[in-house]
Amino acid sequence: MAKKGGKPSLLPLVPDDIEVHVPLQALLLADSFTTKFRPITLEKPKVLLPLVNVPLIDYTLEWLASAGVEECFVFCCAHAAQVTSHLTKAKWRSQPNFAVTPIESHDCVSAGDALRLIEQRGVIRGDFVLVSGDTVSNMSLKEVVKEHQERRKKDKLAVMTMVVKRAKPSPSTYQTRLGNDELLLAIDPQSKQLLHYDPGRESGGRDNHQHQSNQRHVKLERSALNDRPSVQLCTNLQDCHIDICSPEVLTLFTDNFDYQQIRRDFVRGLLSDEIMGNKIFTYEIGREYAARVENLRAYDVVSQDVIHRWTYPMVPDIPFGADTSGMRFERCNVYKATGISLSRTSTVGENSVVGQGTEIGEGTSIRRSVIGRGCRIGKNVSIEGCHIWDNVTIEDDAQLKYSIVCDGAAVKAGAILKPGVVLSFKVVIGPKFIVPAYSKISMMPQPTEEDSSDEELEYADAASGRAESPRSPFLEDGDSRNGSAAEDEEEVDESGNWDPDEVGETGAGYRWSIRDGTQEEDWRHSVAPIPAEKIRELVAAEEEGETEEADNDIGAAARDTPAGPGVEDEEELSGDEDDDFEKEVEGTFLRLAEGVSGVQQEHVVIEVNSLKLAYNKTFADCAGAMFKALMSLALGLPYTSAKELLANTKDVVIKWGSLLQKFLKGSDDEHEILLTFEEVCLESHKEFAPLFSQILQEMYDKDIISEDAIMAWAKEKQDADDNDKVFVKQSEPFIQWLKEAPEEDDDDEDE
């Protein structure tokens, strides 16, 4: 007898407690919606500009792929055809575990418009990484995504986690090393909830030329202080512009059409909205690298970070993205590609890169510069601190300092580029012509009127202004956005009617004039070192307001709160910070020792003192870090024997000992230097161990280490184990001489 009932279902039943896998997604904005890289970005999108000969977007995609992102949507607007073509030619579209999908639009004028379009497409299915295509990082996303998701399970109003990193602020410039103003954040130290976000002077805004006061005023809502034992004010954090977002972020942009910029409008809007109660949290990374190339100064700094290998494994000698050329990594951070022609009398100095197929003539000197592929550089050319892109021609006797020269440009014989110059694509500078500092020259004429960039929407009604205002002929990053993707190239004037007063005889290009209110940006956002007179002005302003400097914590509770369960992690982070502090001091000193233009000893003292404040260090810490930097410099000079190493060290002590003395405030600090010297000999640079007593005597002779400090050091070691007395025993003849020297002096006086 057959059983009653219907046929059994062939579909497997999925238990309710099994979660469906949602791939980790990323939204990459390939449009910066700013004008900071003009005139270059009128012809090429910012994300395709080369950073150490690799397109910027390749750094971002390589990082996302290595960090576990499975799907990446690349939003393209300006020059969309160029971006999608690059993605097609590169390896990103063929990787099995990393899908890259471009999404094009020709109507968006802000990041807010882009996010609203993404929400309409419905491609985001869960928490996602929001990042710009000019981001360079090697951080792991695993922990921050996990922390964000666990927090979301407990609190659905936690819509965003913002990645931050300890910055290296410079009080002498009121900027981070990336050219931005000092960021001021208010954070709950227990929950890491963000309570206040103040980027300082709005980048690119109309008040950018005004001097920023030392004093910062913070206005916190009363609710931010309720039930919180402390609120921490932070001026030493850098916004990495890497955000872990819930899908609700897209909905919030759709519901609020006045949200145009992510930081200025969305973040600050949520923090001031008490009714909805949405929350933003922070996640601080330690030794990992993360930075955004927001302006030309950041472009130069991040380039040097890549060359110094802070971004490993995204470094010049490891191919990634569309870059398949091999690089040879040599001493002093010099990288040379295969197939280059380098004259025997030419020199490629420290922290430099030379691209494939480049020819360099006799007597040419290159320092701290990146040279692209297929360049032709003549005889007796001097290049310092420059970024030379592909297929550039530089003729004999030309001089280039701290400039950017784009693809296909030419600098004729004897021409001079002053610091801060930008030559856009195919520009020609005539023979012996001197291009003034901070000049920007392009084959495209300057727009007759400035467009309403996203940064200027602060001064207009964004919602109505965008709908009623006619589009300008030159929108952000140079895309007219009125035609198809294939038609987004701007017209280049090749008429030949060039002004010889702007580009020299037989030159080609238009020199862009300085707009009212942008003079401040010329030196602030430039690859050139900050002028000495500007540093003096800002240092004077700093000293005037130094006495009003307040502690970073509001209330004693921030200092008196007992340590919680994260103490061990904080101790590990402290060790990482020590390493970072020493590396920052060394880098600051090396810029002086390498003769970087505009860097003077007084600037180094100011920078190290600012690092002292930022890392909460003592003068002894500064002296120890500076001493290690001096020893590293001596070790980096050529030598083949211990005798030559000793000679190198004496030369360094003679030349830079006075700088070290700036941080020695007494015999206690000098005593710490001796302990640091022992550490150097035993751990990092054992080559100095046999030379300890001789170097010690040299420092005594140059009045760096006093007799009192040496005697205190020797006395401290009296009861130590033999292993701890190695260098005291080595120095016994010198110490004995010091003990007897006063007696001899007394005998001489008696006679």
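The values are calculated or read from the model by the stated rules, or taken from the named source; none is laboratory data. Small disclaimer: the values here were computed from a predicted structure and weren't measured. So basically every Cβ, Gly included, is an ideal-geometry build from the backbone, and we count neighbours across all protein chains shown.
Taking Lys628 as meeting all but one of (1) over 29 Å from Ala167 (Cβ atoms); (2) charged (D, E, K, R); (3) surrounded by 20 or more Cβ atoms within 10 Å (Cβ to Cβ), write down the number of the exception.
Just one mismatch for Lys628, condition (1).
Report yes if Pro431 is in a loop (DSSP other than H, G, I, E, B), crowded, with 19+ Cβ neighbours inside 10 Å and modelled with pLDDT of 50 or more, otherwise no. First the steps, then the outcome.
Details: in a loop (DSSP other than H, G, I, E, B): yes; crowded, with 19+ Cβ neighbours inside 10 Å: no; modelled with pLDDT of 50 or more: yes.
For Pro431, the condition - in a loop (DSSP other than H, G, I, E, B), crowded, with 19+ Cβ neighbours inside 10 Å and modelled with pLDDT of 50 or more - is not met.
As an exercise: evaluate Arg216 against (1) modelled with pLDDT of 80 or more; (2) in a loop (DSSP other than H, G, I, E, B); (3) not small (Gly, Ala, Ser) and give the number of the one condition it does not meet.
(1)
Enumerate the pairs (first residue in segment 82-107 and closer than 16 Å to Ala65 by Cα and of a type in the set (A, V, I, L, M, F, W, C); second residue anywhere and outside any loop (DSSP other than H, G, I, E, B) and modelled with pLDDT under 85) with beta-carbon separation below 9 Å, excluding pairs fewer than 6 apart on the same chain, so at least 6 apart or on different chains.
Leu87/Arg93; Phe98/Trp92; Ala99/Trp92; Ala99/Arg93; Val100/Trp92; Val100/Arg93
If I filter segment 660-683 down to residues being within 17 Å of Glu707 (Cα to Cα) and of a type in the set (Asp, Glu), which single residue comes out as surrounded by the fewest Cβ atoms within 10 Å (Cβ to Cβ)?
Looking at residues that are within 17 Å of Glu707 (Cα to Cα) and of a type in the set (Asp, Glu), I get Asp668.
In segment 300-334, which residues are in contact with a Gly (Cβ under 9 Å, 6 or more places away or on another chain) and of a type in the set (Ser, Thr, Tyr)?
Listed by number, the list holds a single entry, Ser325.
If I go through segment 223-252 residue by residue, how many of them are under 23 Å from Pro23 (Cα atoms) and not acidic (Asp, Glu)?
Start the filter on segment 223-252 by keeping residues that are under 23 Å from Pro23 (Cα atoms), which leaves 241-252.
Cutting the leftovers down to not acidic (Asp, Glu) gives us 241-242, 244-247, 249-252.
Number of matching residues: 10.
Residue by residue through segment 225-247, note down the ones that are touching a residue at least 12 places away in the same chain (Cβ under 8 Å) and surrounded by fewer than 17 Cβ atoms within 10 Å (Cβ to Cβ). Spell out the reasoning first.
Applying the first criterion (touching a residue at least 12 places away in the same chain (Cβ under 8 Å)) to segment 225-247 yields 228-247.
Those that are touching a residue at least 12 places away in the same chain (Cβ under 8 Å) and surrounded by fewer than 17 Cβ atoms within 10 Å (Cβ to Cβ): Pro229, Pro247.
Starting from residues that are assigned to a helix (DSSP H, G or I) and among the hydroxyl-bearing types (Ser, Thr, Tyr), keep the ones in segment 606-625 and report whichever is nearest to Thr588 (Cα to Cα).
Filtering segment 606-625 down to residues assigned to a helix (DSSP H, G or I) leaves 606-615, 619-625.
Filter once more, so that each one left must be among the hydroxyl-bearing types (Ser, Thr, Tyr): 610, 615.
Values: Ser610: 11, Tyr615: 15 Å.
Among residues in segment 606-625 that are assigned to a helix (DSSP H, G or I) and among the hydroxyl-bearing types (Ser, Thr, Tyr), the one nearest to Thr588 (Cα to Cα) is Ser610.
This table checks each residue for (1) of a type in the set (Gly, Ala, Ser); (2) over 24 Å from Leu611 (Cβ atoms); (3) at pLDDT 85 or above.
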residue	(1), (2), (3)
Asp181	no, no, no
Leu185	no, no, yes
Gly205	yes, yes, no
Cys245	no, yes, yes
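Being over 15 Å from Pro690 (Cα atoms) and without any contact (Cβ under 8 Å) to a residue 24 or more places away in the chain is the requirement here; does Asp621 meet it? Let's see the steps before the verdict.
On the way: over 15 Å from Pro690 (Cα atoms): yes; without any contact (Cβ under 8 Å) to a residue 24 or more places away in the chain: no.
Against the criterion (over 15 Å from Pro690 (Cα atoms) and without any contact (Cβ under 8 Å) to a residue 24 or more places away in the chain), Asp621 does not qualify.
Would a scan of segment 5-25 turn up a residue that is touching a His at 6+ places or on another chain (Cβ under 9 Å) and either in a helix (DSSP H, G or I) or modelled with pLDDT of 85 or more (or both)?
Taking segment 5-25 and keeping what is touching a His at 6+ places or on another chain (Cβ under 9 Å), we get none.
So far as segment 5-25 goes, no, none of its residues is touching a His at 6+ places or on another chain (Cβ under 9 Å) and either in a helix (DSSP H, G or I) or modelled with pLDDT of 85 or more (or both).
Are any residues in segment 643-670 within 18 Å of Phe692 (Cα to Cα), in contact (Cβ under 8 Å) with a residue 24 or more places away in the chain and of a type in the set (Asp, Glu), and if so, which ones?
If the condition is that a residue be within 18 Å of Phe692 (Cα to Cα), in contact (Cβ under 8 Å) with a residue 24 or more places away in the chain and of a type in the set (Asp, Glu), then Glu670 is the only one that fits.
For segment 671-687, check the following and say yes or no: at least one residue is touching a residue at least 60 places away in the same chain (Cβ under 8 Å), out of contact with any Lys or Arg (no Cβ under 7 Å at 6 or more places or on another chain), assigned by TED's automatic domain parsing to the domain that holds Gln600 and not hydrophobic (A, V, I, L, M, F, W, C).
No, that holds for no residue.
Taking into account only those residues within segment 330-389 that are surrounded by fewer than 23 Cβ atoms within 10 Å (Cβ to Cβ) and of a type in the set (Lys, Arg), which is farthest from Thr311 (Cα to Cα)?
Filtering first and then ranking leaves Lys379.
Whether any residue in segment 258-266 is surrounded by fewer than 18 Cβ atoms within 10 Å (Cβ to Cβ), touching a strand residue (DSSP E or B) at 6+ places or on another chain (Cβ under 9 Å) and acidic (Asp, Glu) is what I want to check.
Filtering segment 258-266 down to residues surrounded by fewer than 18 Cβ atoms within 10 Å (Cβ to Cβ) leaves 258, 263.
When the remaining residues are screened for being touching a strand residue (DSSP E or B) at 6+ places or on another chain (Cβ under 9 Å), the result is 263.
Retained after the next criterion (residues that are acidic (Asp, Glu)): none.
There is no residue in segment 258-266 that is surrounded by fewer than 18 Cβ atoms within 10 Å (Cβ to Cβ), touching a strand residue (DSSP E or B) at 6+ places or on another chain (Cβ under 9 Å) and acidic (Asp, Glu).
Going by the structure shown, is Arg287 touching a residue at least 40 places away in the same chain (Cβ under 8 Å), basic (Lys, Arg) and surrounded by fewer than 22 Cβ atoms within 10 Å (Cβ to Cβ)?
On the way: touching a residue at least 40 places away in the same chain (Cβ under 8 Å): yes; basic (Lys, Arg): yes; surrounded by fewer than 22 Cβ atoms within 10 Å (Cβ to Cβ): yes.
Here the answer is yes, as Arg287 does meet what is asked.
Pairs only if they're at least six apart or on different chains, beta carbon under 6 angstrom, first in segment 720-732 and closer than 10 Å to Phe692 by Cβ, second at pLDDT 85 or above; list them, first residue then second.
Phe727/Glu678; Phe727/Phe692; Val728/Ala714; Gln730/Phe692; Gln730/Ser693; Ser731/Ser693; Ser731/Leu696
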